[in-house]
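The values are calculated or read from the model by the stated rules, or taken from the named source; none is laboratory data. These numbers come from a predicted model, not from an experiment. As a convention, Cβ positions derive from the backbone with ideal geometry for all residues, glycine included, and neighbour counts pool all protein chains shown. Accessible surface is based on the protein model in full, side chains and every heavy atom, while ligands, DNA and RNA are left aside. Shrake-Rupley method; radii C 1.70, N 1.55, O 1.52, S 1.80 Å.
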Amino acid sequence: MDYSGLAAGFLTAILSSSAFLASTWALRRTKGLSPHGLMINAGVWMGILSLGMLAVFWTPALFTRGFLSRLPALAGASVFFSLGQTCVFVAQRKVEASRVVPLLGLKLPMLALISLAFFHDPLGPWQFLAIFLAVVAAFLLNHAGKRIPLSSILFVLAGCLSYCLSDLSLNALTRRIAADLGESTLMAALHCTALTYIGVAVLALAALCVTRASLTTPAVLRSIPFSCLWIGCIIALNFCFARLGTVHGTLLQNTRGIFTLLLTPLCIAMGCTALETKLTANLFWRRMAAATLVFLAVLVYPLGK
């Protein structure tokens, strides 16, 4: 078993859950901040962080050795992430992060079917059981509190599909960089993250010119926590994908539902009532049971492979 890949997967989950709580905080606490406005602000900040990362880990071969052949994967990773994240931000305007994040577990069956249909990645009985558990957990969440609006569910599904296409592009890009440049998995993950989010920043600036979204100081500053947490999340995710594969890495990422639920009482205790509605003990344990099903799916998936 690849323990470094497992550790990266769980780190991805922790950083991802923290990032989604940070984005919910920004959307609900900042007057006039729309989902696409947050995406523009965060995209620019992530681009700045990525430029710094690229400067620290600079290698000229990244733009000469096989660069053109990697452009389709780079474009796919940047474009589909931007679309998916915007959809999830829209859903977060009406639904608590502790329910939106576990619902992203629906990305798993989508990704498994895409891998099976287009990449001929075989799935055995244990893998199908893991996918089934993840789907059941996602639907249980719809009955753990106030019913989630249909529009929010549709935005989450659209976000999941875009995330799938972005993840497949990220995995391909990381592997190509490692092969073309002879880099370690970690260095390839760093370079993949930097290039992808420089692309995201370019898209964000283009969207800013088209939409002319207003950039207020609170909106710009409150997008920083999400941006920093998400960059760390993607570095860990790219490493995990390269070590374990896209589907297994996504399963590990889906444990973020548990971490989000554990962080919820802490957020409420700190006075962030706009971030999460106060949970009763009954609701908390029902949501925790659903999130635990995702964790069981993580344990089941590697069996028989």
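Listing for the model above:
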quantity: Some residue of the range 47-70 being out of contact with any strand residue (DSSP E or B) (no Cβ under 7 Å at 6 or more places or on another chain), under 22 Å from THR260 (Cα atoms) and among the polar types (S, T, N, Q); calculated: no
quantity: Number of positions in the range 246-262 that are under 14 Å from LEU108 (Cβ atoms) and either among the polar types (S, T, N, Q) or without any contact (Cβ under 8 Å) to a residue 40 or more places away in the chain (or both); calculated: 5
quantity: Criterion (surrounded by 17 or more Cβ atoms within 10 Å (Cβ to Cβ) and of a type in the set (Val, Ile, Thr)) met by exactly one of THR211, THR217, THR193; calculated: THR193
quantity: Residue within the range 229-238 that is hydrophobic (A, V, I, L, M, F, W, C), open to solvent by 40 Å² or more (accessible area, probe 1.4 Å), modelled with pLDDT of 85 or more and closer than 20 Å to SER50 by Cα present; calculated: yes
quantity: Enumeration of residues in the range 84-104 that are within 30 Å of ALA179 (Cα to Cα) and more than 12 Å from the chain's Cα centre (by Cα); calculated: none
quantity: LEU6, sole failed condition from (1) of a type outside the set (S, T, N, Q); (2) touching a helix residue (DSSP H, G or I) at 6+ places or on another chain (Cβ under 8 Å); (3) under 21 Å from GLY199 (Cα atoms); calculated: (3)
quantity: Hey, ALA188 part of a helix (DSSP H, G or I), within 17 Å of ASP167 (Cβ to Cβ) and over 17 Å from the mean Cα position of the chain (by Cα) or not; calculated: yes
quantity: Complete set of residues in the range 28-40 that are at pLDDT below 85 and either in contact with a strand residue (DSSP E or B) (Cβ under 8 Å, 6 or more places away or on another chain) or assigned to a helix (DSSP H, G or I) (or both); calculated: ARG28, ARG29
quantity: Residues (free of Cβ contacts under 8 Å to residues at least 60 places away in the same chain and under 24 Å from ALA289 (Cβ atoms)) located in the range 116-131; calculated: PHE128
quantity: Every residue from the range 46-83 that is open to solvent by 50 Å² or more (accessible area, probe 1.4 Å) and of a type in the set (Val, Ile, Thr); calculated: ILE48, VAL56, THR64, VAL79
quantity: Residue satisfying all of: in the range 110-159; at pLDDT below 85, within 13 Å of ARG99 (Cβ to Cβ) and under 20 Å from the mean Cα position of the chain (by Cα); most open to solvent (accessible area, probe 1.4 Å) among these; calculated: PHE139
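Every residue, every condition in (1) among the hydrophobic types (A, V, I, L, M, F, W, C); (2) at pLDDT 75 or above; (3) open to solvent by less than 50 Å² (accessible area, probe 1.4 Å), yes or no:
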| site | (1), (2), (3) |
| --- | --- |
| THR255 | no, yes, yes |
| THR260 | no, yes, yes |
| LEU266 | yes, no, no |
| CYS272 | yes, no, yes |
| LYS278 | no, no, no |
| ASN282 | no, yes, no |
| TRP285 | yes, yes, no |
| ALA290 | yes, yes, yes |
